[in-house]
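**Student:** The following block contains the structure, expressed as structure tokens.
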Amino acid sequence: MKDNCGVFGIYSNRECVDEIYLGIDFLQHRGQQYCGIATADGEKINLVTHRGKVGDRFTGAEIQFLSGNIGIGHVSLKDRQPIRLETKVGSFASCFSGNIINADKLFSDLKMKGHSFSTDSHIELISKIIGEGRDLTDGISLMAERIRGTFSLLILNSHGIYVARGPYGIKPLILGSGNGKFVVASESQAIESLGMEIERDVKPGEIVLIDKRGFSTLKQIPTTRVAHCAFEWAYIASIGSKIDGIYVKQVRNNLGEKLAERDEREGGFSADCVAPVPMSGIGHALGYHKRSKMQYQNVFLYNRYADRSYTLATQEARDKMAKRKISVIREAVQGKRIVLCDDSIVRGTQIRDKVRDLKKGGAKEVHVRVACPPLMHPCRYGVSTRTYQELAARRFIKKGEIDSIDRLKMIEEKAARFIGADSLKYNSLDDFVDAIGLPKEKLCLECWDGAAVIKEK
Ligand code: SF4
């Protein structure tokens with residue numbers, strides 16, 4: 001399960017392609033199937049997109065071709081971006097992170113008006129709506145009125161970069177600067193890793209122009225409700241990032257502490273060590289360790305060289321690759337009672353394999369602790385699509401929501417049996433929200449409680 005996309009843009013005082021390349025490389029965890037860069041060199045817009053990861057795909061000749069001091073970049077799990085369009089508001093390149101729920105209806109409305117499309121991608125759809133405006137700011141406002149969905153959008157033309165965050169603020173978007181350069185990115189880590197400083201988050205509904213003067217707010221689209229994606233802090237974002245004023249690392253530590261507190265509340269619990277599932281459970285396991293004072297121990301070896309730049313064709317080959325990537329450190333597990341922390345359970349098959357591997361390696365007991373409450377609903381806002389059938393928790397509770405600790409415990413017992421663990425506990429939704437530290441009303445929690453942030457019409 002991965003976020004669909006990450007975006008990066010820069011207005012620089014010199015050639016900018018190297019920084020865009022590094023920027024999207026830092027955002028690679030948000031999407032690994034496609035990558036792309038567009039730069040503006042005077043009136044000319046250069047564009048290169050690829051299938052695959054940033055580090056594997058761009059050639060030296062392409063980097064040279066991407067000349068200019070303004071540019072945007074994109075990584076994606078589902079389609080090639082940026083795209084380039086000629087419209088009545090001029091030529092521009094655009095990319096976004098998000099999802100348009102009413103895309104089918106908008107495609108057919110636009111086709112009825114005479115538009116044609118070369119893809120079924122949402123970026124082409126929203127870019128064509130934007131192209132109907134009087135200017136880019138008007139076009140973005142028009143698009144925001146007509147769509148039902150989420151967006152963190154970058155539009156590049158010869159003057160600068162138009163930046164817009166959807167009015168619910170579901171997807172993150174942050175501004176930074178340094179050394180005469182102005183940048184925007186899905187995550188702060190991508191900015192700080194380039195030696196620049198964070199300025200501020202783009203406000204929900206805000207349209208900002210980045211040009212040689214820096215950042216100027218062009219318009220504030222009215223917003224009825226802010227609903228930041230809570231999954232960003234628990235799972236999606238890099239542990240080094242800060243989103244809407246809150247550090248991801250701090251939230252992950254808090255989530256681990258909450259799990260340890262629950263064990264305390266429920267009569268105490270002892271084991272020989274607490275261990276993370278690499279790399280996703282590290283922050284949570286550290287939090288559990290801090291609260292419980294239990295020894296922190298790596299029980300898996302993460303092979304950073306076992307990567308691949310192509311998609312393996314068979315499940316068997318993929319399983320073998322997964323084994324090459326993470327293997328058990330036998331000496332650390334033999335005869336041990338282990339608390340194993342992870343961020344979330346989707347299908348349950350990966351954590352089941354890890355529990356099995358630990359037991360094969362000699363672990364006496366494995367107690368799984370999961371930072372996120374059970375996932376009950378697919379995401380409609382741009383986190384890669386999961387169906388109800390895929391969600392493990394849905395197999396254990398067919399109807400209704402987890403509205404009491406008894407229902408949570410019922411899922412936990414069934415899930416523990418399914419993955420072969422000696423026990424399994426999730427954070428409750430209340431503890432999860434507490435760990436983030438924002439009021440519940442300012443968060444999207446739809447994949448846990450099913451409460452729709454954006455209503456279907
Ligand atoms: S439904 Fe879940 S994953 Fe999707 S935006 Fe809301 S909190 Fe994030």
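**Student:** Quick check on Arg330: is it at pLDDT 95 or above, away from the ligand (no atom under 16 Å from the Cβ) and within 25 Å of the chain's Cα centre (by Cα)?
**Tutor:** For Arg330, the condition - at pLDDT 95 or above, away from the ligand (no atom under 16 Å from the Cβ) and within 25 Å of the chain's Cα centre (by Cα) - is not met.
**Student:** Take segment 158-214 and flag every residue that is surrounded by fewer than 23 Cβ atoms within 10 Å (Cβ to Cβ) and of a type in the set (Phe, Trp, Tyr).
**Tutor:** Within segment 158-214, just Tyr168 meets the criteria.
**Student:** I'd like to verify a number: residues in segment 60-78 that are surrounded by fewer than 24 Cβ atoms within 10 Å (Cβ to Cβ) and modelled with pLDDT of 95 or more, how many?
**Tutor:** Qualifying residue count, segment 60-78: 10.
**Student:** Restricting the search to segment 431-457, which residues are of a type in the set (D, E, K, R) and assigned to a helix (DSSP H, G or I)?
**Tutor:** Asp431, Asp434, Lys440, Glu441, Lys442, Glu446, Asp449
**Student:** Just need a number here: residues in segment 413-430 that are buried (at least 18 other Cβ atoms within 10 Å of the Cβ), outside any loop (DSSP other than H, G, I, E, B) and within 16 Å of the ligand (Cβ to nearest atom).
**Tutor:** Within segment 413-430, residues that are buried (at least 18 other Cβ atoms within 10 Å of the Cβ), outside any loop (DSSP other than H, G, I, E, B) and within 16 Å of the ligand (Cβ to nearest atom) number 2.
**Student:** State all residues of segment 205-250 that are touching a strand residue (DSSP E or B) at 6+ places or on another chain (Cβ under 8 Å), closer than 16 Å to Ala435 by Cα and charged (D, E, K, R); if no residue qualifies, say none.
**Tutor:** Residues satisfying the conditions are Glu232, Lys242, Asp244.
**Student:** Which of the strands (runs of 3 or more DSSP E) found entirely inside segment 115-234 contain at least 2 residues meeting this: within 16 Å of the ligand (Cβ to nearest atom)?
**Tutor:** 149-156
**Student:** Another question about this same structure. For segment 439-450, which residues satisfy the criterion of being without any contact (Cβ under 8 Å) to a residue 12 or more places away in the chain and within 14 Å of the ligand (Cβ to nearest atom)?
**Tutor:** If the condition is that a residue be without any contact (Cβ under 8 Å) to a residue 12 or more places away in the chain and within 14 Å of the ligand (Cβ to nearest atom), then Lys440 is the only one that fits.
**Student:** Picking from Ile397, Ile436, which residue would you name as being within 14 Å of the ligand (Cβ to nearest atom), β-branched (Val, Ile, Thr), buried (at least 16 other Cβ atoms within 10 Å of the Cβ) and within 27 Å of the chain's Cα centre (by Cα)?
**Tutor:** The conditions single out Ile436.
**Student:** From (1) crowded, with 22+ Cβ neighbours inside 10 Å; (2) closer than 25 Å to Lys242 by Cβ; (3) within 19 Å of the chain's Cα centre (by Cα), pick out the condition that doesn't hold for Cys341.
**Tutor:** Of everything listed in (1) crowded, with 22+ Cβ neighbours inside 10 Å; (2) closer than 25 Å to Lys242 by Cβ; (3) within 19 Å of the chain's Cα centre (by Cα), Cys341 misses just condition (3).
**Student:** Let me ask something else. With Ile236, Ile210 as the choices, which residue is in contact with an Asp or Glu (Cβ under 9 Å, 6 or more places away or on another chain) and farther than 23 Å from Lys409 by Cβ?
**Tutor:** Selected residue: Ile236, the only one of Ile236, Ile210 that is in contact with an Asp or Glu (Cβ under 9 Å, 6 or more places away or on another chain) and farther than 23 Å from Lys409 by Cβ.
**Student:** For the subset of segment 344-380 comprising residues that are more than 16 Å from the ligand (Cβ to nearest atom) and β-branched (Val, Ile, Thr), which member is surrounded by the fewest Cβ atoms within 10 Å (Cβ to Cβ)?
**Tutor:** The qualifying residue surrounded by the fewest Cβ atoms within 10 Å (Cβ to Cβ) is Thr349.
**Student:** I would also like to ask the following. Please go through segment 381-394 and give me each residue that is more than 21 Å from Val251 (Cβ to Cβ), crowded, with 19+ Cβ neighbours inside 10 Å and within 13 Å of the ligand (Cβ to nearest atom), ordered by number.
**Tutor:** Scanning segment 381-394 gives a single hit, Leu391.
**Student:** Which one of these is touching an Asp or Glu at 6+ places or on another chain (Cβ under 7 Å) and farther than 21 Å from Arg80 by Cβ: Asp201, Asp138?
**Tutor:** Answer to the check: Asp201.
**Student:** Do the conditions hold for Ile454, that is, is it in contact with a strand residue (DSSP E or B) (Cβ under 9 Å, 6 or more places away or on another chain) and within 23 Å of Ala275 (Cβ to Cβ)?
**Tutor:** No: the conditions fail for Ile454.
The values are calculated or read from the model by the stated rules, or taken from the named source; none is laboratory data. Predicted model, so just to flag it, every value in this text is computed and none were measured. Virtual Cβ from ideal backbone geometry, glycine too; neighbours counted across all protein chains shown.
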